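Q: Mind having a look at this structure? Questions to follow.
The values are calculated or read from the model by the stated rules, or taken from the named source; none is laboratory data. On a predicted model such as this, the values are computed, not experimentally measured, just so you know. Please note: Cβ atoms are built from the backbone with ideal geometry, for glycine as well, and neighbour counts cover all protein chains shown. Ligands, DNA and RNA are stripped out before the accessible areas are found, and what is left, the full protein with its side chains, is counted by its heavy atoms. Shrake-Rupley method; radii C 1.70, N 1.55, O 1.52, S 1.80 Å.
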Amino acid sequence: MHMKKPTTTETLGTEDIRWDLSCFYNDISDPQIAADAAAWEKAAVKFEKDFKGKLTTRLGKSIQAYIELDELGNKIMSYLFLKKSLNETDEEVKTKMDALQKVFSRVAGEHLTFFELELAQVPKKYVAAQAKADKTVAFHMPWIKDIQKRKPHLLNETVESALAKRAMFGPSSWDRFYDEEEALLTFPFEGKLLDQSQLLNVLEVAQESSRRAEALKVFNEGLQGNFARLSAETLNMIVGLKQVEDRERKYPHPMAARNMDNKIPDDAVAALHEAIATEGARLAARYYTLKGRILGIHPLLWSDRNAPLPLEKNKKLISYPEAIALVLEAYESFSPTLCRIVASMADQKRIDAPRIPGKASGAFNAPLTLPWHTPHCFTLLNYLGTERDVMTLAHELGHGVHGILAGEAQGALMQQAPIALAETASVFGEMTTFNFLKKRASHEDSPEKLLALMMGKLGDMANTAVRQISFSFFEQEVHASPRRLSVSDFCEIWRRVTEKLYGKDGTVFVYKNHEYLWAYIPHFHTPFYVYGYAFGELLTQSLYAAQDRFGKEEFETLYLDLLRAGSSKGPKELLKPFGLDPTKPDFWKLGLTPIDTLLGEAEALASKL
Ligand SMILES: [Zn+2]
């Protein structure tokens, strides 16, 4: 906020599109932060005194108090998180955040661990009796059932409490160290030292294949050696800890805990992997072959995968006011209710748009419920005016409307949809906006622009579906290993899963200078998180395609209900009104159909140019 703005943002109209965080605190020095933290700690101590050992009779009151603790804790930590993302190097914010995080995890470990553990053990008949007499209990039954489902996997309270208190010194703090080490990496390229994101950017913007190949070579060499050893050690630690804990908690296989959290049956997860490994891989091969034809390169080098296409010279940038107007129009065309929520997020300054030095990279949306019982959503962007940026805006605002609708309907404990559904509103909003841009490009009678837009979207889809599933196969092999893996073992597995999804070396791609790239994927530190992206993308494509089978208003009603459900229902139950079932293998083929259709259009258009 006190930083100098780069000149480009002035023409983009992003300079005044900044967050208003006054619903939290006046500023980082606001004494209310310390006062709230003290109140939170006091409330946590009181919570244990009031409710420990009493859940068979006082469940409703305990849930209400738990929600208030959650909301107050959210207010403090989310404020610090949002402040930090505006300036990652702000030492005052970082120090405060560190200190409070320590207090929070100590207090939570000591006074709050009992709650979910005890709740998991409350006999069903006591829960049912309280649900009959108490509205809060009745309303939170889906949440209670989710916790009770974990009963067979819980350890005793002493162990759970020790694990909770120890957590901040374990893998999560190592993970922060890994991130810092990764941020320190520099790569010599064309006479300069580049950081990782600058170097990877070359792969997306350089027009010459040889420059991209050199960038990948430098990247791969930079990861090799010490960083790959650090990364291998990290993965071995994560896998080893998980194997021991999974055994103690009696999870039948490495993905079981994640699938349970995601509310996705094991066979649906397996069916997704199977569909992507077969049909998805075939579509990817077709897409990259077309890309190679447009680029005039065969076979493609791995460094050409995200290469820019030589279709559009002198691309015009889209200003932020233009972009938000376009997104509002796209949302309006589909659902006036959603459009109204998006407009209010813009009016209330819940979007932070400009790219500014020190700001967190990429984009995100943070949904939360603040005291008392009001849902909010904050969207961070690094808006530079490309069509990709417009779709990112539509995507993040989709998360925003989802968070607001679910927060209003379900409250703090059931606001966050499980991962499989967390991408529904975002991908949906992005698809609606993409089709808007596509229509606009067809009207402008500019086939190059239209083809560039379609190829961009297809590339994104391939990266979300196929690439994330290749990551997931990598994790599956790594977690199944009965012994420690060496750097060369990881390289070998990486190559095998890449060939499984992208074809044998030399057919579609040449995999030169690719062997150490597993070392920089931070998602591997959150086991089996990645398949959720592919699950969400294909699920939403199926849903998007289902629109045609319903009337406009009928579909909108069903769709808004789905968003309002938050985490109160699983995917199977939520998709039923649409006539869809994610546990059936052909469900995933349906999700791949829109990709097939769009690819067909792109192939036809390319052959005419
Ligand atoms: Zn998203």
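Q: Within the chain, what percent of beta bridges assigned by DSSP are antiparallel, to the nearest 5?
A: The antiparallel proportion sits near 70 percent.
Q: Give me the 1.4 Å probe accessible area per residue for the chain, excluding ligands and nucleic acids, in Å².
A: In whole numbers, the chain has 45 Å² accessible per residue.
Q: Could I ask something else about it? Working out 0.36 nm times the residue gap between residue 317 and residue 489, then minus their Cα-Cα distance, what length gain in nm do you get to one decimal?
A: 57.4 nm
Q: For the pair residue 349 and residue 480, how long in nm is the line joining their label points, each one 7 Å along Cα→Cβ?
A: 5.4 nm
Q: Cα atoms only: what Rg and Dmax, in Å, come out for region 346-487?
A: 18.7, 59
Q: Here's another thing I want to ask about it. Which of the lysines could a cross-linker span from residue 457 if the Cα-Cα distance has to be under 16 Å and same-chain partners fewer than 8 positions apart are dropped?
A: Reachable lysines: 291, 438, 439, 449.
Q: Say a paramagnetic label sat at a point 7 Å from the Cα of residue 156, along Cα to Cβ; which residues of region 111-126 have their backbone N under 14 Å from it?
A: none
Q: What are the GluC sites (Glu not before Pro) within region 183-277 that DSSP puts in a loop, where the Cβ has at most 15 other Cβ atoms within 10 Å?
A: Those that pass, being in a loop and sparsely packed, are 190, 208.
Q: Let me ask you something else. Between residue 64 and residue 521, with labels modelled 7 Å along Cα→Cβ, what's the label distance in nm to one decimal, could you check?
A: Label at residue 64, label at residue 521, 4.8 nm between them.
Q: Okay, next question. Report, for region 340-495, the % of DSSP beta bridges that are antiparallel, rounded to 5.
A: 70 percent
Q: Along the positive direction of the dipole of the chain (beta-carbon charges: Lys, Arg +1; Asp, Glu -1; about the Cα centre), which of 51, 550, 77 reaches farthest?
A: Highest projection toward the positive end goes to 51.
Q: Would you mind giving the average projected area, over all directions, of the Cα convex hull of region 354-417 in nm² with one decimal?
A: Averaging across all directions leaves 4.8 nm² for the Cα convex hull.
Q: Can you sort 264, 297 by 1.4 Å-probe accessible area, starting with the largest?
A: 297, 264
Q: Greater than 32 Å separation of Cα atoms is the criterion. Which listed pairs, 61/84; 61/165; 145/584; 54/250; 149/504, meet it?
A: Beyond 32 Å: 61/84; 149/504.
Q: Ok, one more. Using 0.36 nm per residue, how much length does the chain from residue 103 to residue 183 gain when fully extended, once their Cα-Cα distance is taken away?
A: 26.1 nm
Q: Where nothing but the Cβ of Lys and Arg (+1) and of Asp and Glu (-1) is charged, how large is the charge dipole of region 414-509 around its Cα centre, in debye to the nearest 20?
A: With Lys and Arg at +1 and Asp and Glu at -1, about 80 debye.
Q: Using the Cα centre of the chain as origin and beta-carbon charges of +1 (Lys, Arg) and -1 (Asp, Glu), tell me which of 120, 432, 472 is placed farthest towards the positive end of the dipole.
A: 120
Q: What does the convex hull of the alpha-carbon atoms of region 6-95 project to on average, in nm²?
A: Directional mean of the projected Cα hull area for region 6-95 stands at 8.1 nm².
Q: Around residue 52, with a cut-off of 15 angstrom between Cβ atoms, what is the net charge of the other residues, counting Lys and Arg +1 and Asp and Glu -1?
A: -2
Q: Sticking with this one: Tell me, how many Å apart are the Cα centres for region 554-609 and for region 407-431?
A: 16 Å
Q: Note down the relative contact order for the chain as a percent, whole number, built from C-alpha pairs under 8 angstrom at least six residues apart.
A: Relative contact order here is 19 percent.
Q: Order 324, 63 by their accessible area, 1.4 angstrom probe, all chains in place, largest first.
A: 324, 63
Q: Still on this structure, I have one more. Report Rg(Cα)/(2.2 N^0.38 Å) for the chain, keeping two decimals.
A: Rg over 2.2 N^0.38 Å, computed on Cα atoms: 0.98.
Q: Also, quick follow-up: Given the C-alpha centroids of region 162-220 and region 444-498, what is the distance between them in whole angstrom?
A: Distance between centres, Cα-based: 17 Å.
Q: Of all beta bridges DSSP finds with both residues in region 270-409, what is the antiparallel percent, to the nearest 5?
A: 70 percent
Q: In angstroms, what radius of gyration and Dmax does region 285-411 have, counting Cα atoms only?
A: When restricted to the Cα atoms of region 285-411, Rg and Dmax are 18.4, 59 Å.
Q: Further, regarding this structure: Can you tell me the order of 135-141, 461-467, 394-400 when each peptide is scored by its average per-residue count of other Cβ atoms within 10 angstrom, highest first?
A: Highest mean packing first, the order is 394-400, 461-467, 135-141.
Q: Still on this structure, I have one more. Could you tell me what percent of the accessible area of the chain is made up of carbon and sulfur, with a 1.4 Å probe and every protein chain present?
A: C and S atoms contribute 54 percent here.
Q: Run the 1.4 Å probe and let me know the accessible area of residue 282, rounded to the nearest 10 Å².
A: For residue 282, the solvent-accessible surface is approximately 140 Å².
Q: Another question, then. Provide the descending list of Cα extents for region 434-545 along its principal axes, expressed in whole angstroms.
A: Ordered largest first, region 434-545 gives principal extents of 59, 32, 21 Å.
Q: Under unit Cβ charges (Lys, Arg +1; Asp, Glu -1), what dipole magnitude, rounded to 20 debye, does the chain have relative to its Cα centre?
A: 1180 debye
Q: So how exposed is residue 486, as accessible area in Å² (1.4 Å probe, rounded to 10)?
A: Solvent-accessible area, nearest 10 Å²: 50 Å².
Q: While we're here: Starting from a Cα-only point model with no solvent, please compute log10 I(q)/I(0) by Debye for region 316-367 at q = 0.15, 0.22, 0.28 1/Å.
A: -0.51, -0.97, -1.19
Q: I've got another one for you. Compute the helix-to-body angle for 447-462: its Cα long axis versus the longest principal axis of the chain, expressed 0 to 90° and rounded to tens.
A: 40 degrees
Q: When the dipole is taken about the Cα centre of region 66-171, and only Lys, Arg (+1) and Asp, Glu (-1) are charged at their Cβ, what size is it in debye, to the nearest 20?
A: 460 debye
Q: Still on this structure: For every helix of n ≥ 4 consecutive DSSP H residues, a contribution of -39,500 (n - 2.57) applies; sum these over the chain, divide by its total residues, and give [θ] at 222 nm rounded to the nearest 500 deg cm²/dmol.
A: Only helices count here, giving -20500 deg cm²/dmol.
Q: Counting only the heavy atoms of the protein chains, how much of residue 581 is accessible to a 1.4 Å probe, in Å² to the nearest 10?
A: 40 Å²
Q: What is the distance, in nm, between label points placed 7 Å from the Cα along the Cα-to-Cβ direction at residue 11 and at residue 374?
A: The modelled label-to-label distance comes out at 4.0 nm.
Q: Enumerate by residue number the trypsin sites (Lys or Arg not before Pro) in region 302-349 meeting two conditions: DSSP loop (anything except H, G, I, E, B), and at most 13 other Cβ atoms within 10 Å of the site's Cβ.
A: 313, 315, 316
Q: Rg to Rh ratio, region 202-273, alpha-carbon atoms and Kirkwood radius?
A: That ratio equals 1.22.
Q: For the chain, find the longest principal axis of its Cα atoms and tell me its angle to the long axis of helix 32-51, 0 to 90°, nearest 10.
A: 60 degrees
Q: Something else about it: Can you tell me the 0 to 90 degree angle between the C-alpha axis of helix 226-249 and the longest principal axis of the chain, rounded to 10?
A: Taking the Cα atoms of the chain, the angle to 226-249 is about 40 degrees.
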